[in-house]
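The values are calculated or read from the model by the stated rules, or taken from the named source; none is laboratory data. Values in this document were obtained by computation on a predicted structure and should not be read as measured data. Cβ sites come from the backbone with ideal geometry, for glycine too, and all protein chains shown count toward neighbours.
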Amino acid sequence: QKEVEQNSGPLSVPEGAIASLNCTYSDRVSQSFFWYRQYSGKSPELIMSIYSNGDKEDGRFTAQLNKASQYVSLLIRDSQPSDSATYLCAVRNDMRFGAGTRLTVKP
Amino acid sequence: DTGVSQDPRHKITKRGQNVTFRCDPISEHNRLYWYRQTLGQGPEFLTYFQNEAQLEKSRLLSDRFSAERPKGSFSTLEIQRTEQGDSAMYLCASSFSGSSGNTIYFGEGSWLTVV
């Protein structure tokens, strides 16, 4: 089992819709969880971090963490074409990444 | 520019040659990470340092790869006897291991092409 697994994608949603990205992890003691966005040919950039169970909102982005079920998700509301990118989930202080989910938002 | 800096940004080398990449982290950051990323994959963890100590090294990393951070500031990643499968983007990242979390910041990456 991989340490961090994400929907393989690609995921395509129409502009204005909600995009839902999911991530599961294997290490039960993980305390830190991160979502990064990566545009093609660029390095990853942080969108959100979450450390406690529940939801954390930041603008159009909401991260959801459920430690008992070992999953973390990212919701993007009112999706825009500029949100089209690969979204990477990372866990633990030494930052293990999933393979990423490629999101396309169609105008 | 106070971000993570990597050099060179692009490197083309012949198979069998050695290459070295340098990373300058954000100045107050005590942790430094190296990742490798190929097309369509997420960043693959290679190793990380806290100050000058190399705390973990991926078992996927062959003996041809070595990383150093001699003074706890900049770091180098050397690949000896390069192979075509080493072609990838090598990402460096840094963070501060404080109580508020461990957000890492990436450099722009060093692209390696082995021909």
> Which residues, counting only those in segment B:8-37, are over 14 Å from the mean Cα position of the chain (by Cα), within 14 Å of chain A (Cβ to nearest Cβ) and loosely packed, with under 13 Cβ neighbours inside 10 Å?
Replying inline: none
> Among the residues of segment B:93-102 satisfying the criterion of being at the interface with chain A (Cβ under 9 Å from one of its Cβ atoms) and surrounded by 18 or more Cβ atoms within 10 Å (Cβ to Cβ), which is modelled with the highest pLDDT?
Replying inline: B:ALA93
>> List pairs: first residue in segment A:1-24 and within 12 Å of chain B (Cβ to nearest Cβ) and under 17 Å from B:GLY40 (Cα atoms), second residue crowded, with 16+ Cβ neighbours inside 10 Å and of a type in the set (Lys, Arg) anywhere in the structure, Cβ distance under 8 angstrom, at least six positions apart or on different chains.
In response: A:VAL4/A:ARG96; A:GLY9/A:ARG102; A:PRO10/A:ARG102
> Of everything in segment B:58-92 that's of a type in the set (Lys, Arg) and surrounded by fewer than 14 Cβ atoms within 10 Å (Cβ to Cβ), which residue is farthest from A:GLY41 (Cα to Cα)?
Replying inline: B:LYS71
> When only residues in segment A:35-69 that are polar (S, T, N, Q) and surrounded by fewer than 16 Cβ atoms within 10 Å (Cβ to Cβ) count, which is nearest to the other protein chains (Cβ to nearest Cβ)?
Replying inline: A:SER40
> Any idea which of (1) within 11 Å of chain B (Cβ to nearest Cβ); (2) in a strand (DSSP E or B); (3) buried (at least 19 other Cβ atoms within 10 Å of the Cβ); (4) free of Cβ contacts under 8 Å to residues at least 60 places away in the same chain is the one A:CYS89 doesn't satisfy?
Replying inline: (4)
> Out of all the residues in segment A:8-16, is one or more of a type in the set (Gly, Ala, Ser), in contact with a strand residue (DSSP E or B) (Cβ under 9 Å, 6 or more places away or on another chain), surrounded by 16 or more Cβ atoms within 10 Å (Cβ to Cβ) and part of a strand (DSSP E or B)?
Replying inline: no
> Does segment B:38-55 hold any residues that are surrounded by fewer than 16 Cβ atoms within 10 Å (Cβ to Cβ), closer than 29 Å to A:SER40 by Cβ and at the interface with chain A (Cβ under 10 Å from one of its Cβ atoms), and which are they?
Replying inline: B:LEU39, B:GLY40, B:GLN41
>> Every residue in segment B:36-84 that is touching an Asp or Glu at 6+ places or on another chain (Cβ under 6 Å) and of a type in the set (Ser, Thr, Tyr), please.
In response: B:TYR48, B:SER66, B:THR76
